[in-house]
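The values are calculated or read from the model by the stated rules, or taken from the named source; none is laboratory data. Computed from a predicted model, the values in this text were never measured in an experiment. Here the Cβ is made from the backbone with ideal geometry for all residues, glycine too, and neighbour counts use every protein chain on show. For the accessible areas, the whole protein counts, side chains as well, though only heavy atoms, and no ligand, DNA or RNA atoms are used. Shrake-Rupley method; radii C 1.70, N 1.55, O 1.52, S 1.80 Å.
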Amino acid sequence: MRAVVVGAGMSGAFAARALRRWFGEGLSLVVLDREERAGGRAWRRTVHGVPVETGASVFHSANRLLVGAAEELGLAVVDAGGTGTLGIWDGTGLVFRTTGRGDGLRLLARYRGGLLAGGRGVRQLVRQLGQVYPRLEAGEAWGSPDQLWATLGLDHLLRQPADEVTGRGRFRTEFADGVARNNYAQETTRLNALVNAVSLAGAGLGGGSLYRLAEGNAAVSEGLLARAGAQLHLAATVERVIPKGPSWQVTGQGFAPLEADAVVIAAPLEGSGIQLAEVSAPPPREFVRLHVSFVSGELSAPSLTSAGTAPGFVLTTAAAGSLMSIERVAPGDAEGRELYKVFSTEPLTDSLVGRFFTATKVTRMTWSAYPCLPAGAPSPGFRLATACTTRARWSMPSPPWRHRRSPASRWPTSSTPTVRSRGGPETVGSPPQPPKPTRGETLSV
């Protein structure tokens, strides 16, 4: 059995682990990523002398897959909650601010029933989402996201606009919109109710905790790929996935052509430039272009410092325009310069920096961070292409977690991946394989 996984982020790493667990040492496993690092959106880099997470910076304690993987890999899970005080800014001033004393009562006084009803709904959502884990352990699988959501009883939320659930009062326009603008760079009027509830869970309405990894969140991807014994090609850009006889051929820049019985695309097709021959690709989604600016200095805008000091985390309402949020990610240095991370949907120009900060240095990044997720958006299936109907199917082994083996016995003995930055072996090894299909499968996760 030969498999190629496109993408070395979280999805690709978990896909590689699952393939190795199912097919064991008989699997020839290659993972490709166009970046020069693994981790995908999770990327810790040093900015102005400070190591910071530039994307995918926290995860929720309810995410058992990530929490479990971190524990199995021996990574240090640390609390990520709290960057000091919180403020909500409407473009002219702070409409709400925490102080560290009586904050719960102030939240309740301002947002009243919306906060209480939202909390109940989000806690119910977290419980329903948690039902996916015992189903996965029982070997259950789904052909499409719609089937998964229907099984969990959440499909109706995909069809419901978020603002119908949150209402139209202060709770939506200030709190829910502020959280959604930070998490997805979109207001609740542009989101479905399921996505908005997940966003609010990350703000604490669903209970639980927010975590990060001391080693950097990308360490999960790196560790899972190593444990899977994957042959990892970095700086490898996939250009085409085409049929070749009974298999698929994967070609591109930075690696030699590969043949595979199964191809898993674990990265957004939009913007990838991958051509899929004889495959009906799902319709492209619209993505939000996010600008991330790291500013060293002091947050000094008068409208944010009315209480003497600026909040450590500033959420914004729709009235604030393209400025989504401002977060202090590192305390002041010997000269009092703090490091802030600013999310915006337009470039943070020098004039805007000067409006908000007494700044000494600015580093800017941009990427297509989030898909637009409105109510009623189509949800294509996971399988993009199947083999011919006359093909012989290989035997899919039972997931190893059904056999109650010790954690150590779940992993192959080879735990070090082969890494190729550019180029690579001319052929992929072909160990003994289970019966192969007439043509393999192409999946998107």
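If you go through the stretch 204-224 one residue at a time, how many are surrounded by fewer than 24 Cβ atoms within 10 Å (Cβ to Cβ), under 15 Å from the mean Cα position of the chain (by Cα) and hydrophobic (A, V, I, L, M, F, W, C)?
Of the residues in that region, 3 qualify.
Scanning for something assigned to a helix (DSSP H, G or I) and over 30 Å from R337 (Cα atoms), does the stretch 28-48 turn up at least one residue? Please lay out each step first, then the result.
Initially, the stretch 28-48 is screened for residues assigned to a helix (DSSP H, G or I), giving none.
So far as the stretch 28-48 goes, no, none of its residues is assigned to a helix (DSSP H, G or I) and over 30 Å from R337 (Cα atoms).
Residues that are among the basic types (K, R), touching a helix residue (DSSP H, G or I) at 6+ places or on another chain (Cβ under 9 Å), more than 20 Å from P378 (Cα to Cα) and not in a loop (DSSP other than H, G, I, E, B): does the stretch 188-196 have at least one? Reasoning before the result, please.
Residues of the stretch 188-196 among the basic types (K, R): 190.
If we keep only those that are touching a helix residue (DSSP H, G or I) at 6+ places or on another chain (Cβ under 9 Å) too, we end up with 190.
When the remaining residues are screened for being more than 20 Å from P378 (Cα to Cα), the result is none.
Checking the stretch 188-196: not a single residue is among the basic types (K, R), touching a helix residue (DSSP H, G or I) at 6+ places or on another chain (Cβ under 9 Å), more than 20 Å from P378 (Cα to Cα) and not in a loop (DSSP other than H, G, I, E, B).
Six or more apart or on different chains, Cβ atoms under 8 Å: show the pairs whose first residue is in the stretch 138-165 and closer than 16 Å to L200 by Cα and whose second is polar (S, T, N, Q) and part of a loop (DSSP other than H, G, I, E, B).
Close Cβ pairs (under 8 Å, with a partner that is polar (S, T, N, Q) and part of a loop (DSSP other than H, G, I, E, B)) amount to L158/S379.
Just give me the residues in the stretch 37-82 being touching an Asp or Glu at 6+ places or on another chain (Cβ under 6 Å) and open to solvent by 40 Å² or more (accessible area, probe 1.4 Å), in sequence order.
The first filter runs over the stretch 37-82 and keeps only residues touching an Asp or Glu at 6+ places or on another chain (Cβ under 6 Å), leaving 38, 44, 75.
R44 - this is the single residue of the stretch 37-82 that is touching an Asp or Glu at 6+ places or on another chain (Cβ under 6 Å) and open to solvent by 40 Å² or more (accessible area, probe 1.4 Å).
If S296 meets every condition in (1) on the phi > 0 side of the Ramachandran plot; (2) small (G, A, S); (3) touching a residue at least 40 places away in the same chain (Cβ under 8 Å) apart from one, which number is that one?
With (1) on the phi > 0 side of the Ramachandran plot; (2) small (G, A, S); (3) touching a residue at least 40 places away in the same chain (Cβ under 8 Å) applied to S296, the lone miss is (1).
Are any of the residues in the stretch 277-289 β-branched (V, I, T), touching a helix residue (DSSP H, G or I) at 6+ places or on another chain (Cβ under 9 Å) and closer than 18 Å to R383 by Cβ? Break it down into steps so the answer makes sense when it comes.
In the first step, residues of the stretch 277-289 are kept if they are β-branched (V, I, T); the result is 279, 288.
Next, only the ones that are touching a helix residue (DSSP H, G or I) at 6+ places or on another chain (Cβ under 9 Å) stay: 288.
When the remaining residues are screened for being closer than 18 Å to R383 by Cβ, the result is none.
No, because not a single residue in the stretch 277-289 is β-branched (V, I, T), touching a helix residue (DSSP H, G or I) at 6+ places or on another chain (Cβ under 9 Å) and closer than 18 Å to R383 by Cβ.
Any residue at all in the stretch 92-107 that's open to solvent by 60 Å² or more (accessible area, probe 1.4 Å), more than 13 Å from V220 (Cβ to Cβ) and under 23 Å from the mean Cα position of the chain (by Cα)?
Taking the stretch 92-107 as the starting set, the residues that turn out to be open to solvent by 60 Å² or more (accessible area, probe 1.4 Å) are 92, 99-101, 105-106.
Filter once more, keeping what is more than 13 Å from V220 (Cβ to Cβ): 92, 99-101, 105-106.
Subset that is under 23 Å from the mean Cα position of the chain (by Cα): none.
No: zero hits.
Residue by residue, here is whether (1) closer than 30 Å to F255 by Cβ; (2) of a type in the set (A, V, I, L, M) holds:
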site	(1), (2)
L148	no, yes
T151	no, no
D155	no, no
P161	no, no
T173	no, no
L200	no, yes
L213	yes, yes
L224	yes, yes
L234	yes, yes
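What number of residues within the stretch 225-251 are part of a strand (DSSP E or B) and open to solvent by 20 Å² or more (accessible area, probe 1.4 Å)? Spell out the reasoning first.
Of the residues in the stretch 225-251, the ones part of a strand (DSSP E or B) are 231-233, 237-244, 247-251.
Okay, now just the ones that are also open to solvent by 20 Å² or more (accessible area, probe 1.4 Å), so 231, 237, 239-240, 242-244, 249, 251.
Of the residues in that region, 9 qualify.
Taking strands (runs of 3 or more DSSP E) that do not extend beyond the stretch 336-424, which have at least 2 residues that are at pLDDT 50 or above and open to solvent by 70 Å² or more (accessible area, probe 1.4 Å)? Full working, then the answer.
Details: elements: 338-344, 357-371, 383-385, 418-420.
It comes to 357-371.
Show the residue pairs meeting these rules: Cβ distance below 9 Å; 6+ apart or different chains; first residue within the stretch 272-287 and at pLDDT below 85 and open to solvent by less than 50 Å² (accessible area, probe 1.4 Å); second residue part of a loop (DSSP other than H, G, I, E, B) and charged (D, E, K, R).
Cβ pairs passing all conditions: none.
Looking at A42, A70 in this structure, which one is under 17 Å from the mean Cα position of the chain (by Cα) and at pLDDT 95 or above? Show your work before the answer.
On the way: A42 fails: at pLDDT 95 or above.
Step by step, each of A42, A70 is checked, and only A70 is under 17 Å from the mean Cα position of the chain (by Cα) and at pLDDT 95 or above.
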